[in-house]
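A short worksheet on the structure shown next.
The values are calculated or read from the model by the stated rules, or taken from the named source; none is laboratory data. Note that the structure is a prediction, hence the values are computed from the model and not measured. For neighbour counting, all protein chains shown are included, and Cβ atoms are generated from backbone atoms with ideal geometry for every residue, glycine included.
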Amino acid sequence: MDQSTTSKPHERLATVLAGEMEAVNRLIRDRMASEHAPRIPEVTAHLVEAGGKRLRPMLTLAAARLCGYDGDHHIRLAATVEFIHTATLLHDDVVDESAQRRGRPTANLLWDNKSSVLVGDYLFARSFQLMVETGSLRVLDILANASATIAEGEVLQMTAATDLRTDEEVYLKVVRGKTAALFSAATQVGGVIAGAPERQVQALYDYGDALGIAFQIVDDLLDYQGDSRATGKNVGDDFRERKLTLPVIKAVARATEEERSFWQRTIEKGRQEEGDLDHALGLMKKYGTLEATRDDANTWADRARAALKALPDGDLRDMLHDLAAYVVARLN
């Protein structure tokens, strides 16, 4: 049977980029070393080598190759993107007081919060060293802005997550910060380092931005209707953690006075009782917010695929097209 019909898009991408990804992984292992602080590679290795699809660095490699790049700076940029991603995960687990990631205990649980925060800072510093080595001020500008946007998105989420005044516009700002900013930077710098025409660089940015937004919307939707064995999360974890995600935001916007009181008690005040999750799901069903959220995810995936039309035709573009389709296919 043809592998292209049986494997997932990110798996096909990993196969095509296997040699370059091995170079990225070698560079990551080399740069996460520390002669004077052995805890740094211990903590970093726990997360970096825990699995994961390495989707963001693969996007950088794919974008560079798609635009005809034949140097090696895309290896540094892919490692940079993975370091930034890993640093944000370390910090997020401290902020969220998480105990598990990718089915394993989090670094803050195995070591402590201080180690997670400081190792995350170290990885951010390493990522900037790698950016500088490319000699491109524009690359530095893109990834520095992405790093600031990620931090800004996390702070915005912290203040907006339990505030019923949070609307879809604010939600989109949070998603663009915490997820889409690194996706769009990962694809954009691939085109920049390849010296691609500005139209293609913009298309790569637009693809990464829309893909990241679709990716996060799907994650938020799966929290309410996903298979916990596949997602690694229990249904309703976001509700229990009082996170205002898109399905709830849509339900709050249409709530009666009585329903709004329910959301205020459970989300804003955190006074949750037995049966509240079922009631919340009932309200989302009443207003069709899960279906509306699915439609939004599909719209963003369509935008990602449309952006690819400006890029050179070929197998890599087809894989990126299929990847955008796969992100929302997880809902089926």
So THR44, is it farther than 18 Å from LEU204 by Cβ, at pLDDT below 95 and surrounded by 24 or more Cβ atoms within 10 Å (Cβ to Cβ):
yes
Members of the range 237-277 found to be without any contact (Cβ under 8 Å) to a residue 40 or more places away in the chain and either within 14 Å of GLU168 (Cα to Cα) or of a type in the set (Gly, Ala, Ser) (or both), listed by number
ALA251, ARG254, ALA255, SER261, GLY275
Residues of the range 157-177 being of a type outside the set (A, V, I, L, M), more than 18 Å from ALA304 (Cα to Cα) and assigned to a helix (DSSP H, G or I), in sequence order, are GLN157, THR159, GLU168, GLU169, TYR171
Which pairs have Cβ atoms under 6 Å, sit 6 or more apart or on different chains, and link a residue in the range 289-307 that is over 9 Å from ILE217 (Cβ atoms) and hydroxyl-bearing (Ser, Thr, Tyr) to one that is modelled with pLDDT of 95 or more and in a helix (DSSP H, G or I)?
THR289/PRO247; THR289/LYS250; THR289/ALA251
Could you tell me which residue of the range 1-32 is modelled with the lowest pLDDT, considering only residues that are closer than 16 Å to SER127 by Cβ and surrounded by 14 or more Cβ atoms within 10 Å (Cβ to Cβ)?
MET32
When the range 11-69 is checked residue by residue, the ones that are of a type in the set (Asp, Glu) and part of a helix (DSSP H, G or I) are GLU11, GLU20, GLU22, ASP30, GLU42
Check off (1) of a type in the set (S, T, N, Q); (2) in a loop (DSSP other than H, G, I, E, B); (3) at pLDDT 85 or above for THR80 and give me the number that stays unchecked.
(2)
Given (1) assigned to a helix (DSSP H, G or I); (2) more than 17 Å from the chain's Cα centre (by Cα); (3) over 27 Å from ALA23 (Cα atoms), identify the lone condition not met by GLY153.
(2)
For the range 184-221, what are the residues that are among the aliphatic types (A, V, I, L, M), touching a Gly at 6+ places or on another chain (Cβ under 9 Å), more than 22 Å from ALA329 (Cα to Cα) and in contact (Cβ under 8 Å) with a residue 60 or more places away in the chain?
ALA185, ALA186, ILE193, ALA194, ALA196, ALA203
Of the residues that make up the range 135-149, is at least one of a type in the set (Lys, Arg) and within 25 Å of ARG176 (Cβ to Cβ)?
yes
Could you check, for the range 156-165, whether at least one of its residues is crowded, with 22+ Cβ neighbours inside 10 Å and not polar (S, T, N, Q)?
no
Conditions first: (1) surrounded by 24 or more Cβ atoms within 10 Å (Cβ to Cβ); (2) assigned to a helix (DSSP H, G or I); (3) in contact (Cβ under 8 Å) with a residue 40 or more places away in the chain; (4) aliphatic (A, V, I, L, M). ALA181 passes all but one, so which condition is the exception?
(3)
Restrict the check to the range 126-134 and report whether at least one residue is closer than 26 Å to ALA18 by Cα, at pLDDT below 95 and not in a helix (DSSP H, G or I).
yes
Among helices (runs of 4 or more DSSP H) lying entirely in the range 196-279, which contain 1 or more residues that are modelled with pLDDT of 95 or more and not small (Gly, Ala, Ser)?
198-225, 246-253, 257-263
